[in-house]
Amino acid sequence: MAHYCLGLTYYAQQDLIKAAEAFRRSIEVDAKDPKAHYSLGIVYADERFFDKAIEEFRTVIKLDAGNAEAYYRLGKAYADKRVLVNAIATIRKAAAAHYNIKNPYSDKRALDEAIASLQKAIEVNPYNPSVYFDLGSAYSQSRILDDAAAALEETVRIDPNFAKAHYGLSLIYERKGMKEEAQREFSSYKQLTGECGK
C-alpha cells in the first residue's frame, strides 16, 4: 500500500517515471490489486505506451470484471492507438455502465451514438464529472453549443478543479460570443494548470 500511495503522490506531481516505478513495486507486493494495475495503466496511457496501458487495463478487468472505468480506459487506449474496431467492441462490453469514448471516428452517426450512450451513463451515475466532460465534448463536436456549455458547466459544478472543462467552457463561450464568461473560464483554467492540471 505504501508504494501505491507513493505512486499517487508522484503522479500528482506529474513525475510519471517515478509514479510508474512505485506502481510496479506495489504490483510486486500484491499482483492482485486492481487499483495498482489501473493506476499504472493510466501512467502508461499518459506516456503513450498504449500496448502496456492496454495490458494493465485488461488485468484490471480480469481482477474486477465490474470496473466500468477500466473498460472505458481500455477502449480509449485502443482508440488512441487507432485500433478502432477493438475500441468499439470493448466499449460495447461496458454497456452496463454506459460509457463511451469521446469520438473514435468523426461521423455524425458516431457522435449521436456517443451522446446517447453518455446520457445513459449520466442516468446510471449522475456524479461522474468525466462523463459530463465527454458529453460536452461530443456536443461541441456536433456544434450543439448550448448543450455543450450545460454539460461542461455541470462538470465544473461537480469538480471545480477539472481544468480541461474550464478550458472547454472558455472555447464554447467564445464561440457563443460570451467574451466575459470565456475570459473567466480561461483564467480558471490557467490558475488550475499552474497548480495541478487535470
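Structure values in brief
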item	result
For segment 1-67, radius of gyration divided by Kirkwood radius, i.e. Rg to Rh on alpha-carbons	0.95
Estimated vicinal HN-Hα couplings, Hz - segment 130-139 in sequence order (Karplus 6.51, -1.76, 1.60; Gly, Pro = x)	5, 5, 4, 4, 4, 5, x, 5, 5, 4
3J(HN,Hα) from dihedral phi, segment 65-76, Karplus parametrisation 6.51/-1.76/1.60, rounded to Hz, x for glycine, proline	5, x, 7, 4, 5, 5, 4, 4, 5, 4, x, 5
Label point distance in nm, K18-D30, each placed 7 Å from Cα along Cα→Cβ	2.3
Trypsin sites (Lys or Arg not before Pro) restricted to segment 1-79 and DSSP loop, no more than 13 other C-beta within 10 Å	K32, R48
Over 19 Å (Cα to Cα) - which of K52/K76; K35/K81; K52/K81 fall in this group	K35/K81
Using θ = phi - 60° and Karplus 6.51 cos²θ - 1.76 cosθ + 1.60, couplings along segment 36-46 (whole Hz; Gly, Pro as x)	5, 5, 4, 5, 5, x, 4, 4, 4, 5, 4
9 Å beta-carbon shell around G136, net charge (K/R +1, D/E -1)	-4
Ratio of the Cα radius of gyration of segment 129-198 to 2.2 N^0.38 Å, where N counts its residues	0.98
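Readers should treat all values here as calculations from the given coordinates under stated rules, not as data from a laboratory. What you see is a predicted model, and the numbers here were worked out from it, not measured in a lab. We place every Cβ from the backbone using ideal geometry, glycine too, and count neighbours over all the protein chains shown.
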